[in-house]
Amino acid sequence: MHFSQHFLPLPLFFFCEVFQSSIHLVMTLDMDNVEVFDTGVKGRGLRTTKDLCAGEVVLAEPSFAAVVFDSLSQQVCHSCFRRQANLHRCAQCKFAHYCDRTCQTACWDEHKQECGAIKKNGKAPNENVRLAARVLWRIQKDTGIVSDSQLTSVDQLEDHVADMPADNLKELKIDVHKYLDYCPNTRHGVEYISHIFGIINCNGFTLSDQRGQQAVGVGLFPNLCLVNHDCWPNCAVILNHGNQSALNATFHSKRRVELRALGKIAENEELTVGYVDFLNVSTDRQRALKHQYHFDCTCKSCSKNLKDDLMMAAKETEGNKPSDELVKEVQELSLECLAKVEAARTAGDFHEVVKLCRECLDKQEPVLADTHLYQLRMLSAASEVLSYLKFFSEAAEYSRRMVEGYMKLYHPNNAQLGMATMRAGVTHWHAGLIEVGHGMICKAYAILMITHGPNHSITKDLESMRMQTEMEQRIFKQNECVYHSMREAALQNKSMGMMAEAVSVEDNVKALFHKQ
Ligand SMILES: [Zn+2]
Ligand SMILES: [Zn+2]
Ligand SMILES: [Zn+2]
């Protein structure tokens, strides 16, 4: 088994690089807002013990264990999971890499036994085995210690080994043997070790780099696993990196996930998150949930097929609809074209991507509604690649249409909507469409204040973009000529990075938890 997905399934997990107050630090270990309860059909769940408002941190949890992916072991700090140049190598095992001594010291407890095992073996095993080993070492170490902040123990999580397809089961067995080679003195039996691998397989949570653009590792957060899925959830989960930069070590905080309320939540209400992206018709979401998480989604959106009609709608102009045959033909063509776009993008042939997108969008535009998923996926691919190629005007037009469609489908405080709006805002800004750009950046800022919180690095980025565009807008209104010449100069001076949605268009059902 290997974690083959190199891009983040949901572009919403960011590391926080800002100083957290000590009050916040105390709160992060607090589970006072929540309690475990029996939901009935769905098994255990989590509910609130008090009223909550939008943006409130419902719970925060440090990882029980986490590892950096094999492919990035030299580019990502094994302690804080930031992607950085010039990392320092652990002198003992020569495998682990860290930003500096602070990160290394913070992580030593987690790394100590691993360090010895890698040294003895001469090399590190794969990420799965490394994570399982860290989990098992920690279980051994923590035996008998009951922490107030722990609502469940790791080994009580579901492993779903019984539901595993034969191929996956075979790979799991291979990993168990690799683990036994790596830790020959383990106290645990094969069955228990398999159970832990099963738990990692269905509960592993993807960790991203500090920009949220790339998945860099995987970790286990047992309390978070108690939060059930709903396609229209009342909470979002983000990764907060914590802070290691304060001079006084008592103010240092570890990486952790935060569960944040998307709106008002009443006392005793069940807390939910979306395990898969809402932007799929209910049958596709249900299939993905069944396949990855082994349950049948009976949420309100699925049972009432809410918004499915919009996601597959034909375009209506003055009461006239295209024929069913035409809609079917364009839908089939769209699927073919999306596959071709993905292939061209993987091959790095971005001009081919643009050509394919333009041709397909021309055919979709008169037939499919502006909320049709195939059209939105095409718009997403087109705007991403065009802004990468610096064709900002055309990219801006597509990104605006995409965000308008998203707004009719997503929850108003959905993190993906916030991120897409931010990218669209930046694209408009680059295209010189300062007023629309500024408006979108403000809108994105309002969403991310709730989903990511004011201390998050991406929210901070948005805040400075908001101030910058506000200033530019003022100049624009005073003197358009001055604005345009300033903009030209700025564009020549700095190269702009890709504000891309780092997911493939084919990756329709994006999953919250990490899964091969
Ligand atoms: Zn670090
Ligand atoms: Zn080491
Ligand atoms: Zn559902």
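The values are calculated or read from the model by the stated rules, or taken from the named source; none is laboratory data. Please read all numbers here as calculations on a predicted model, not as lab measurements. Positions of Cβ are backbone-derived with ideal geometry, glycine not excepted, and every protein chain shown enters the neighbour counts.
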Which of the residues belonging to region 199-219 are in contact with a Gly (Cβ under 7 Å, 6 or more places away or on another chain) and under 23 Å from Leu262 (Cα atoms)? Phe205, Leu207
Index of the failed condition, Phe14 passing every other in (1) in a loop (DSSP other than H, G, I, E, B); (2) modelled with pLDDT of 90 or more; (3) within 16 Å of ligand 1 (Cβ to nearest atom): (2)
How many of the residues in region 305-348 are free of Cβ contacts under 8 Å to residues at least 40 places away in the same chain and basic (Lys, Arg)? 3
Taking region 80-119 as the region of interest, how many residues are within 15 Å of ligand 1 (Cβ to nearest atom) and assigned to a loop (DSSP other than H, G, I, E, B)? 11
Selection from region 57-79 of residues away from ligand 2 (no atom under 16 Å from the Cβ) and outside any strand (DSSP E or B) yields Ser63, Phe64, Phe69, Ser71, Leu72, Gln75
State which residue is nearest to ligand 2 (Cβ to nearest atom) when the search covers only region 80-92 and only residues that are buried (at least 19 other Cβ atoms within 10 Å of the Cβ) and either outside the structural domain of Phe205 (by TED's automatic domain parsing) or of a type outside the set (Lys, Arg) (or both). Cys90
Looking only at region 177-193, count every residue that is more than 16 Å from ligand 2 (Cβ to nearest atom) and crowded, with 21+ Cβ neighbours inside 10 Å and tell me the total. 2
Residues of region 424-456 classified as assigned to a helix (DSSP H, G or I) and not hydrophobic (A, V, I, L, M, F, W, C), total: 11
Within region 292-312, considering residues that are loosely packed, with under 13 Cβ neighbours inside 10 Å and part of a helix (DSSP H, G or I), the one farthest from ligand 2 (Cβ to nearest atom): Asp309
Do we find a residue being under 26 Å from the mean Cα position of the chain (by Cα), more than 16 Å from ligand 3 (Cβ to nearest atom) and among the small types (Gly, Ala, Ser) anywhere in region 183-195? no
Please verify whether region 126-137 includes one or more residues that are away from ligand 3 (no atom under 16 Å from the Cβ), part of a helix (DSSP H, G or I) and surrounded by fewer than 17 Cβ atoms within 10 Å (Cβ to Cβ). no
Which pairs have Cβ atoms under 9 Å, sit 6 or more apart or on different chains, and link a residue in region 114-130 that is touching a residue at least 40 places away in the same chain (Cβ under 8 Å) and more than 12 Å from ligand 2 (Cβ to nearest atom) to one that is of a type in the set (S, T, N, Q) and assigned to a helix (DSSP H, G or I)? Glu127/Ser71; Asn128/Asn201
Within region 269-311, the count of residues that are of a type in the set (Asp, Glu), at pLDDT 95 or above and either under 22 Å from Thr371 (Cα atoms) or within 16 Å of ligand 1 (Cβ to nearest atom) (or both) comes to 3
Could you tell me which numbered condition Phe37 fails, if it satisfies all but one of (1) under 25 Å from the mean Cα position of the chain (by Cα); (2) farther than 28 Å from Lys120 by Cβ; (3) at pLDDT below 95? (1)
Enumeration of residues in region 368-394 that are surrounded by fewer than 21 Cβ atoms within 10 Å (Cβ to Cβ) and more than 26 Å from Gly437 (Cα to Cα): none
Pairs, first closer than 14 Å to Ser73 by Cβ in region 85-106, second part of a helix (DSSP H, G or I) and more than 10 Å from ligand 1 (Cβ to nearest atom), C-beta under 6 Å, six or more apart: Cys93/Cys115; Cys93/Ile118; Cys93/Lys119; Phe95/Ile118; Ala96/His111
Taking Lys315, is it surrounded by fewer than 16 Cβ atoms within 10 Å (Cβ to Cβ), out of contact with any Cys (no Cβ under 9 Å at 6 or more places or on another chain) and in the same structural domain as His411 (by TED's automatic domain parsing)? no
Can you list the helices (runs of 4 or more DSSP H) lying wholly within region 332-420 that have 2 or more residues being closer than 23 Å to Tyr275 by Cα? 373-388, 392-409
Based on this model, can you work out whether Asp51 counts as assigned by TED's automatic domain parsing to the domain that holds Tyr182, more than 30 Å from Asn228 (Cα to Cα), of a type in the set (Asp, Glu) and in contact with a strand residue (DSSP E or B) (Cβ under 9 Å, 6 or more places away or on another chain)? no
